[in-house]
Structure formats: C-alpha cells, structure tokens
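Below: one structure, written as structure tokens.
Please treat every number below as a calculation from the coordinates, not as lab data. Since we're looking at a predicted model, the values are computed, not measured. Glycine also receives a Cβ, built like all others from the backbone with ideal geometry; neighbour counts cover every protein chain displayed.
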Amino acid sequence: MPEKVTTNDTYRVGNGDVFISLAIGEGQFGTSDVSIDGTRLVRSSGSIGGLRVGAGPRVKGKDLKVRSVVSDVSTMTDRMSVTYRLNGGQGTKSITAKGKVDKAGKMLIFETTFALS
Amino acid sequence: MNPLKTIGWIVVVTTFASGVASAQAPPVPIDDLRAPTSPAFVLLDVAPASVERPENPKAFTTSLIHTVTQNNGLPQNYALEVAPYWLTYHPELTFEKYQSPGLMSAIHSLSMSVATTPMKATEGSTVDPSGSRVGIGVRSNLMNGRFNPKLGALVAELAGIHDKILDALSKGLPIDKLEAEAQTTALAIQALDAQRIGFILSVAAGKIWDFPGDDFTTVKDGRWGVWVTPTYRFLTCGEPDNCRATFDAIAVVRALREPDEDASWDFGGRIVWQPNTELSLSLETVRRRGGDSETQEGVNSNRTAGMLEYRINADLSLYGTFGQDFKKIAGSKPLISLIGLNVGFGKTPQVKAK
C-alpha cells in the first residue's frame, strides 16, 4: 500500500457558488477524484481549474473530499505536492499538501477533506 | 603507474559506494548518472570530456576522477555539483510546465559546481608544485530540446492505471498489483524524461584559483572561461517501445583567459552514441587557438579523446577516457588516461509523507 498524505481543513461558505482548483506540483503526474459527501463531481488527470462545487447554502455542512494518486515521473525530484484553492465563500483558501516517495517511480495518495461550514 | 593498486582502488570504492548507495538511496533512474563534466572540472582540465554532453542536473552529485598514470593509488580530483532549483518544493510546477518549460529551462537546469585538483609541476621546473587548484563553475540549458514523442502514450497509460487505482480505492479493494504497474510505467516515463531530444543549447562559465602550499594567503588568480555548447540529439531507432538508442552531435566554442595573458579560444565537437541505457561511446576533438604559445599551455594544438561510459548499476557509473591532450609549453602532448566513478545522491532517500 502506498504512503498516504492526509489533510483535514475547513472552509466557510457564503451565499455564492463555491469553487475548487487543484494543481499537482513538482513536475509530477497525478489523477484526482473530487467528491462531496461521497458523490463524485469529477475525475481528472493533471490540474483542475475552477470546478463548481455548488451553491454555498446547499453545500454547507458537507465534506468536500479530494483524493489524488500521484506518481513519481520526474528524474529531478522525489518530492510531490498538491495545492488546493477554494473560493466563492468567505475569502479564498489555498493549502498545499506535500510528500516524498522513498523509491523512484513510486506513488503517493493524497487525501484532503474540507469540512464546508 | 601501479595497475594493481589502481584496480584495487576501483574495486574498493565501487564496493563501498555501492553499499552506501544501496543503504541510503533508491535506484537512480536511467541517464541520471553521467561522467562528470562539470564546468569546474572542465576548467581544471581534469574532466573526462572537454565537450560536455547536455544533461539534467541532479540535485546533488559527487564525483571522483582518478588518473591512471598517477601512482599513489588514490583519486586526487573531486567535484560537487548542486542544482539549487531542485533542493526545494515547487507546487506551481505542473507536469506540463516541467515538460515544456520554455525560458524557465534556464532556471530548472542551473547547476553550480566546485572542484579541486592538485597543482601540477610545469615541465622542466624545479619549483615544488605542492598545493591545490580550486575551481567553481555554473551552467544552464537555455534551450532544452523537446520531450520524447513516446511520452504521450506512456502518460495516457499511467492515467489509465491511476483510474483503476482510484476505482479500487473507492471500493476498498487491494491495489498492490496496480501500484507495481504504475511504478513500471512511471519509471519508463522517467527514462524518457532524461532523454530529451532535438536542439539543446547549454552555456557555462567558471573560474579557478591556485593555492600554492595549500596556504590560503598565497592564493593566485587562475584561468577563467565561458563557453557555449549547442547540441542536437536524435533517436537512432524507430518504433520499438523499448528502444532508447540516441546519437548526439555536440559543438563547443569556449573563451579562456589566463591572468595577464591574451584570451585563447577552443573550437571543437563531440559525437556520442548511446546504443542502450548502460553504455555510451564518444569521440571528441577540440582545437585551441589564440593566446601566446610561449607562456600558455595548449595553444595552437588539439585534444582528441575517446570515452567509454558504463553503468555498473542504477546508482553508479564507471567511465574511462583515453587520448591525447593539448600540447604542453615544453612541446609534449600528454596522454589522457582517466578512470572515474560517479555517485548520485540527487533523489533523496528519506520518505516523509507531509
């Protein structure tokens, strides 16, 4: 089983639509599932830009979960990172989860959950 | 020369370095290890090749070079090379930006090196040459070619494996087999990542100082140089998926200047044939012109050398260079006979998730 990088955070929604973007850094390649309360919104390889999660009042109290499988495809580094950016609520939140594989070509699983409040 | 001592040294260092590498570091991908042609070594005239092959710098590389004709049995030339960009995280660097960096290639490939070698006696001189020469250098690829055309298919294959892994994870199924498939494909992508093709333009510069008697207060200004190395690399095989054979055609134009002397110029080229991932063979010739042949070594003469490089394992490469060096002031044309090891520590071994 690959190493897992788990992150938990919160995001305060407002009355407008909530959006999430994510970027897989360090030149690595990954594929992500974005889901809300267990219902998948999208699966995509590489970056995801401005995905609409839903209207603030409708998603309030739910968990927004992003699971990314990232493989070490770079000859330059074993580092990996996934940056999440949420907006549309009360301000913009950006966090970066980081990890490193112990062997060339291995993968990490990043699991980040935002409690929408 | 003491061949037994030389062979013994290689065996000891190879064994030691293999042990260190296997204990501390994961396998380094194909093409990550190469004979050290860091600018500092080139300026010190101890590099295995005077015409550098363009490469992606590792975050941290150490090099030892042993001259076979030396009889003390120990290497006397050491170099460290660091690529600062790869020492820190870069969350903004997506796969697409990494593969097609544009002008950022100059930053990604920037490396700095420091090297040291013993001072050598000038032919006919009775002055004690004891002391050290220290060189520093920088280099960068201003243009870094393009990715291998087979990359797209492998990336699509990896995306398909990721899909299956995500499906399995959502159903709580084991992913061991899929994980192994993903690693195999990722390593194949790494092999292509290290093998960029097309036009690559490298620039380098460096400076050396002499420390007679190994006394810091006796430091003397030495040579400086700046050079440009355009390369064209192409695949020498067609469609087979496992084909990695390449051919490099490399040119060099280099300006060198000794303190209080006129500048001299190097013009030359090198061809490199790499039939597989373990072996590479090359031949280079460089003509040095300008300067003053009465006071500057190598002026108006050629250096011609052949080089063989073999990857012992994923962490170690062994190389040898043989040929004729630039002419000395006294008129002799020294034999080039180098054997060296390159040990890579660039892809750090520790796993620390978050």
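Remarks
- Coupling constants for segment B:140-149 follow from the phi torsions by the Karplus curve (6.51 cos²θ - 1.76 cosθ + 1.60, θ = phi - 60°), and in residue order they are 7, 9, 5, 10, 10, x, 9, 6, 4, x Hz; glycine and proline get x.
- Those residues of segment B:253-278 whose amide nitrogen sits under 17 Å from the label point placed on B:Val203, 7 Å along Cα→Cβ: B:253-256
- Remark: spin-label model distance B:Thr217-B:Leu80 equals 2.7 nm, labels positioned 7 Å along the Cα→Cβ axis.
- Computed over segment B:149-194, Kirkwood Rh from alpha-carbon pairs, angstrom: 11.0
- Contour excess over end-to-end distance, with Cα ends at B:Tyr232 and B:Ala168 and 0.36 nm allotted per residue: 18.6 nm
- Karplus-derived 3J(HN,Hα), 6.51/-1.76/1.60, for each residue of segment B:193-205, Hz, glycine and proline x: 4, 7, 10, 6, 10, x, 8, 10, 10, 10, 10, 8, 8
- Kirkwood Rh and Cα Rg combined as Rg over Rh, evaluated for segment A:3-116: 1.00
- Burial order of peptide ranges B:104-110, B:280-286, B:260-266, B:168-174 (average beta-carbon count within 10 Å, highest first): B:280-286, B:104-110, B:260-266, B:168-174
- For segment A:72-117, the relative contact order works out to 35 percent when only alpha carbon pairs closer than 8 Å and six or more residues apart are counted.
- Distance between the 7 Å Cα→Cβ label points at A:Ser117 and B:Leu103: 4.5 nm.
- Residue pairs, from the table A:Lys60/B:Lys177; A:Lys103/B:Lys177; B:Lys220/B:Lys328; A:Lys103/B:Lys150, whose Cα atoms sit over 27 Å apart: A:Lys60/B:Lys177
- Rounded to 0.05, the FRET efficiency of the A:Lys4 and B:Thr184 pair, given R0 = 22 Å and the Cβ-Cβ distance, is 0.55.
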